[in-house]
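The values are calculated or read from the model by the stated rules, or taken from the named source; none is laboratory data. All figures in this text were calculated on a predicted structure; none of them were measured in a lab. Virtual Cβ from ideal backbone geometry, glycine too; neighbours counted across all protein chains shown. Ligands, DNA and RNA are excluded from the accessible area calculation, which covers all protein heavy atoms including side chains. Shrake-Rupley method; radii C 1.70, N 1.55, O 1.52, S 1.80 Å.
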Amino acid sequence: MTDYLENLEQQTEGIPTPEETPMVERAGEDAPIEQEKEEAPAVEQEGTPGEPEEKAKRRPRRKKAEVVEEEAPAESATTESEGVDTMPPEEEAPPPPETDQEGANEPDEMEAPRRSRRAVTLDSYGNMIREPSDSGLQDVSVLTAARNARRILTATIDAIETDGDAMPRAVFYVGSVKVVIPFAQMGFDLDRGEGSQREARLFMGSMLGAKIDYMVRGIDAEARIAAASRRDAMLVRQASILNARGNNRKYRINEGMRVTARIVHVSRFTVRVEIYGFETFVPINRISNLWVSDIREVIQVGEERLVEILSLVRGEDGRVTKMEVSLRAAEEAPRLQLREGNTYTGHIINFSEKAYYVRVSGMLAEIRCPVRSSHTMEVIGIGDLVKFYIRGVHDGVPTGAILKVLKRKAAPEF
């Protein structure tokens, strides 16, 4: 009997006791394992000597051993003592959880509704009209490049500004950039003095809407204000075109040529034009082949008209000092044939003690109407619209007789 008990004790030495089982409980096993732990003491109490008792004790040993083997990979300290490879498999590296990626995308999804969407504009054909973006920086870069390259730009005067007793200055805009030209840089000192402040304001005010050339002198990118000079551009135009010579050593601009002039100032009886940087006045009698009583009725500031150069005076250095031009000479002569006995209307352009001189609309020639042949006793003055008939043509010069005064014109005030 003692031998049997000794053999039984040797066999049960490897079986873990209930005191050693808490390691399994800490591992967080399920309830069925705890029930097996509770069943093991019950077998010992009910056990009887013999083989059934050994089988009952071996059965829980296998299960517990398997549980311990499952826990072995998690405990690196115990496995190192048993000589098991403890390098964690690559699969155990925690991959980035999908929830994190979804969370990373959440801010984009949250920001998407906050993005401002521009309204789409369509034209009558269904094409999308792109709204111009803020081109302030682009305008600054254009002016900066023009200043660095000494390039001539063209603009239209939008406003005239004055501050206190200071001289007026011309203002216009290039996109969102304000460009200012002081009075001293307008180029008036090329052929006339600056004059008083009142005269400068009147003269500058009449140039509103005029097209001018200018060169950028400085620019403030932050304030978006630029300073320019018209005088510099005029000098460059004169040197490169008006006073320049061609391949045959002759001047490019000569008398008798027809060129394009810019209208920069208009009054009742005179027009100021700019031709390649040089300004000159045109009187009312060189404006048109038709009768003109007020130049402002037929010509506006900012227009470009074809003129013919009547005379050109150059100095010793070859620069132009004086120029006379005519808009009337550049017009195509109207073709109107006068026939004897026909009746016409025209304006009185001049008179003497013996005759009145009438200009017919559409004719270059002036009709001489002797005073003694006039059929009216009314006083006739310059500018009056009269009705007359052709008495005859002698040596290519038509003569007529005034029948009636149709409309009177007030005498011009000089």
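For the stretch 192-211, give me the residue count where each residue is in contact (Cβ under 8 Å) with a residue 60 or more places away in the chain and among the hydrophobic types (A, V, I, L, M, F, W, C). So the answer is 4. The number of residues in the stretch 221-246 that are open to solvent by less than 30 Å² (accessible area, probe 1.4 Å) and part of a helix (DSSP H, G or I) comes to 6. So, G277, is that one among the small types (G, A, S), out of contact with any Pro (no Cβ under 7 Å at 6 or more places or on another chain), farther than 30 Å from L406 by Cα and crowded, with 18+ Cβ neighbours inside 10 Å or not? The answer is yes for G277.
Check the stretch 311-332 and report whether any residue there is modelled with pLDDT under 85, open to solvent by 30 Å² or more (accessible area, probe 1.4 Å) and assigned to a strand (DSSP E or B).
Checked against the condition, which is being modelled with pLDDT under 85, open to solvent by 30 Å² or more (accessible area, probe 1.4 Å) and assigned to a strand (DSSP E or B), the stretch 311-332 yields no hits at all.
A search for C-beta distances below 7 Å between a residue of the stretch 168-184 that is in contact (Cβ under 8 Å) with a residue 24 or more places away in the chain and any residue that is open to solvent by 30 Å² or more (accessible area, probe 1.4 Å) and assigned to a helix (DSSP H, G or I), counting only pairs 6+ apart in sequence or on different chains, returns P168/R201.
For beta carbons closer than 6 Å, sequence separation of 6+ or different chains, a first residue in the stretch 247-274 that is surrounded by 20 or more Cβ atoms within 10 Å (Cβ to Cβ) and a second that is part of a loop (DSSP other than H, G, I, E, B) and charged (D, E, K, R), the qualifying pairs are I263/E303.
Residue pairs whose Cβ atoms lie under 9 Å apart, separated by 6 or more positions or on different chains, with the first residue in the stretch 280-292 and without any contact (Cβ under 8 Å) to a residue 24 or more places away in the chain and assigned to a helix (DSSP H, G or I) and the second crowded, with 17+ Cβ neighbours inside 10 Å and aliphatic (A, V, I, L, M), are I284/V271; I284/V292; I284/I295.
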